[in-house]
Amino acid sequence: MTPADKPEFLRILTGLSSVKPGKPLTPEGLGVYWLALSDWPLDEFKSAAAHLARSVEFMPNPFHFEQLRQSAQPTASEAWERVLTAIRSMNQYDPVSLDARTDQAVRAMGGYSRLAMTQTDAMPFRAREFAQLWADGAQAEEARTALPGVARRAALSAPASIGQLLSRAS
């Protein structure tokens with residue numbers, strides 16, 4: 001949203017709070033909603049607010065809006081099905097890339113080629129491993145996007161080598 005969208009945003013939130021039980025919205029509370037949700041396109045925010053007006057009992061908070069946004073993303077099981085399709089049809093030496101998040105999780109598991117050589121009876125274990133790596137990647141990606149300054153400082157302060165890590169520990 002742009003600053004020009006803020007009056008419409010506030011009108012929608014105020015209307016939502018008038019039909020949902022909960023604490024009354026204060027100017028400070030409205031400010032927090034704006035901080036948390038101003039990166040949404042106005043039309044998507046309106047759709048989400050309409051959905052939440054129908055589907056939740058109490059006044060939704062920014063967390064509820066983010067839950068809707070996340071539900072539009074593929075699930076770990078959907079991504080795993082794409083991985084299985086890719087490894088079943090791949091040539092061992094062909095590079096495979098599905099998307100950055102999936103590729104990152106598969107790299108942590110040893111790569112597409114190694115995963116393709118996994119015995120069938122071990123695949124359920126690999127699926128659980130993938131699901132955990134997928135979730136970890138989502139959390140890290142969300143935090144890095146939301147807090148780029150913190151992520152940049154963390155990367156700059158990370159040790160470049162094992163020797164640096166060991167010298168910090170002593």
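The values are calculated or read from the model by the stated rules, or taken from the named source; none is laboratory data. Note that the structure is predicted; figures quoted are calculated from it, not measured. Cβ sites come from the backbone with ideal geometry, for glycine too, and all protein chains shown count toward neighbours.
Any residue at all in region 14-22 that is surrounded by fewer than 15 Cβ atoms within 10 Å (Cβ to Cβ), under 30 Å from residue 105 (Cα atoms) and among the β-branched types (Val, Ile, Thr)? No - not one qualifying residue is present in region 14-22. Considering region 104-129, the residues that are polar (S, T, N, Q) and either under 18 Å from residue 94 (Cβ atoms) or not in a loop (DSSP other than H, G, I, E, B) (or both) include one that is farthest from the chain's Cα centre (by Cα), namely 120.
Please pick out the residue among 57, 66, 28, 44 that is assigned to a helix (DSSP H, G or I) and more than 18 Å from the chain's Cα centre (by Cα). It would help to see each step written out before you state the result.
Values: 57 fails: assigned to a helix (DSSP H, G or I); 66 fails: more than 18 Å from the chain's Cα centre (by Cα); 44 fails: more than 18 Å from the chain's Cα centre (by Cα).
None of the other options fit; the residue is 28.
Condition (residue is closer than 21 Å to residue 120 by Cα and part of a helix (DSSP H, G or I)) applied to region 88-97: is it met by at least one residue? Looking through region 88-97, at least one residue is closer than 21 Å to residue 120 by Cα and part of a helix (DSSP H, G or I). Applying the set (1) buried (at least 16 other Cβ atoms within 10 Å of the Cβ); (2) at positive phi to residue 76 leaves exactly one unmet item: (2).
Inspect all residues belonging to region 107-124 and state whether any of them is within 30 Å of residue 34 (Cα to Cα) and among the small types (Gly, Ala, Ser). First the steps, then the outcome.
Initially, region 107-124 is screened for residues within 30 Å of residue 34 (Cα to Cα), giving none.
Within region 107-124 (the criterion being within 30 Å of residue 34 (Cα to Cα) and among the small types (Gly, Ala, Ser)), the answer is no, since none of the residues qualifies.
Answer yes or no: is there a residue in region 42-65 that is within 30 Å of residue 117 (Cα to Cα), of a type in the set (A, V, I, L, M) and touching a Phe, Trp or Tyr at 6+ places or on another chain (Cβ under 7 Å). No: region 42-65 contains no residue that is within 30 Å of residue 117 (Cα to Cα), of a type in the set (A, V, I, L, M) and touching a Phe, Trp or Tyr at 6+ places or on another chain (Cβ under 7 Å).
Answer yes or no as to whether residue 74 is free of Cβ contacts under 8 Å to residues at least 60 places away in the same chain and not in a helix (DSSP H, G or I). Break it down stepwise before answering.
Working: free of Cβ contacts under 8 Å to residues at least 60 places away in the same chain: yes; not in a helix (DSSP H, G or I): yes.
Against the criterion (free of Cβ contacts under 8 Å to residues at least 60 places away in the same chain and not in a helix (DSSP H, G or I)), residue 74 qualifies.
Comparison of 60, 21 shows that the only residue that is touching a residue at least 40 places away in the same chain (Cβ under 8 Å) and not assigned by TED's automatic domain parsing to the domain that holds residue 132 is 60.
Yes or no, residue by residue, for (1) touching a residue at least 40 places away in the same chain (Cβ under 8 Å); (2) under 21 Å from residue 131 (Cβ atoms); (3) surrounded by 12 or more Cβ atoms within 10 Å (Cβ to Cβ); (4) among the basic types (Lys, Arg):
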| position | (1), (2), (3), (4) |
| --- | --- |
| 29 | no, no, yes, no |
| 33 | no, no, yes, no |
| 43 | no, no, no, no |
| 66 | no, yes, yes, no |
| 69 | no, yes, yes, yes |
| 89 | no, no, no, no |
| 93 | no, no, no, no |
| 99 | no, yes, no, no |
